[in-house]
Amino acid sequence: MRVPFFSLAVLANVLYLCLSYTLRSSVSWVVSSNDVVEDADLSEEVAPALLVDGAALWKQAYPSSNVVLGGDSVESPAELVKEEEDDNVAQLSSRLFSYRLDKVKSSSSGGPPPHQETARTARYIAHNSDWGHLATISTQDKIKGLPFGNIFSVSDGPLDNSTGVIYFYVTPMDNTVADLKNNPYASLTFSEAEGEFCRQMVYDPEDPRCARLTLTGKMVEVVPEELAFAKEAVFSRHPVMAKWPVGHKWFFMKLELIQVWLQDWIGGVSLIPLEDYFKAMPF
């Protein structure tokens, strides 16, 4: 008779442990059936407002420290989450990516210009970008004649002196420089996602409101009379470059513009006349 009682005792302990074991994800959020809002409005007007409510953003995200392996005090998700009013903002916020919305600087305090001012926006991006993606026509054997992209640290002047002319500090050892010797034409692309604005506004880098600027032109070596300014422009923004090995034979180049292409809003792109681009001020 003792064997059946022993088996029942073991089974009871197993069931107890199963009920006491709770695992919650530290990297994702849970959406219960009560929290789902069908056909939710995630328009430009609604989404930014939702992100101001930091508590609502995190209300269904459970840290790994809440994993319980046995014990008498097992908290359920409902107990971990403070009950809030059942309104649309609280419901929608649990479905959004969870980072906080900081106050975005206005253009008067150093933020991006209004999107209607396309030339000024282009100059703003060109001046505030410390690096960009340069596309050339490759001379590498396996991809000869095909596009090749590379990242470069750049500067259009010291922080207090924007020129709109993009300067580079390059070495002949770079594949891109070899490409330029064969074909000097290239396109340099910047994204407003490099800074804080798009992150704060919760704009994906491909969102048209997260501005993209592509400058196309001819890459040329900086002439001696312009060398002092090019050096100041690049080294003031990238001081470590001044200490790079001289054996790599670094030299300065700049992009002589042919076209300024900008997308900074919904509804199409802007081709900005060079005269307007150089007249505009980014500050």
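Values quoted throughout were computed directly from the atomic coordinates according to the rules given, and no laboratory measurement underlies them. Note that the structure is a prediction, hence the values are computed from the model and not measured. Quick reminder, even Gly has a Cβ in these numbers, built from the backbone with ideal geometry, and neighbours come from all protein chains shown.
Based on the Cβ-Cβ distance of R209 and L146, what FRET efficiency does E = 1/(1 + (r/R0)^6) give at R0 = 35 Å, to the nearest 0.05? All intermediate terms of the calculation are to be shown ahead of the outcome.
On the way: r = 32 Å, r/R0 = 0.90.
For R0 = 35 Å, the calculated efficiency reads 0.65.
Give the order of T176, T214 when sorted by the count of other beta carbons within 10 angstrom, beginning with the fewest.
Working: T176 22, T214 19.
Going from least to most buried by this count: T214, T176.
So between V220 and W131, what do we pick up on full extension, going 0.36 nm a residue minus the alpha carbon distance?
Values: separation 89, 0.36 × 89 = 32.04 nm, distance 1.82 nm.
Gain on extension, V220 to W131, equals 30.2 nm.
Please report how many Lys pairs in the range 107-279 have alpha carbons closer than 27 angstrom, counting only residues at least 8 apart along the chain or sitting on separate chains.
Going through the range 107-279 pair by pair, I get 22.
At 7 Å along the Cα-to-beta-carbon direction for both F278 and R199, put a label point, then send me their distance in nm to one decimal.
Placing both labels 7 Å along Cα→Cβ, they lie 3.5 nm apart.
Using only alpha carbon pairs under 8 Å that are at least six residues apart, calculate the relative contact order of the range 143-283 and give it in whole percent. All intermediate terms of the calculation are to be shown ahead of the outcome.
On the way: 216 pairs, mean separation 41.0, N = 141.
Normalised by residue count, the contact order of the range 143-283 is 29 percent.
Let's test this: bin the Cα-Cα distances of the range 107-279 at 10 Å from zero up to the farthest pair and state each bin's percent.
10, 37, 35, 16, 2, 0
Rank by packing, highest mean first: peptides 119-125, 222-228, 239-245, with packing defined as the count of other Cβ atoms within 10 Å averaged across residues. If you can, show how the numbers build up before the last one.
On the way: 119-125: 24.9, 222-228: 11.9, 239-245: 10.1.
Sorting 119-125, 222-228, 239-245 by mean packing, highest first, produces 119-125, 222-228, 239-245.
May I ask you to compute the full-extension gain from T189 to Q116, defined as 0.36 nm times their residue separation minus their alpha-carbon distance, rounded to one decimal in nm? Working shown, then result.
Working: separation 73, 0.36 × 73 = 26.28 nm, distance 2.02 nm.
Stretched fully, the T189-Q116 segment lengthens by 24.3 nm.
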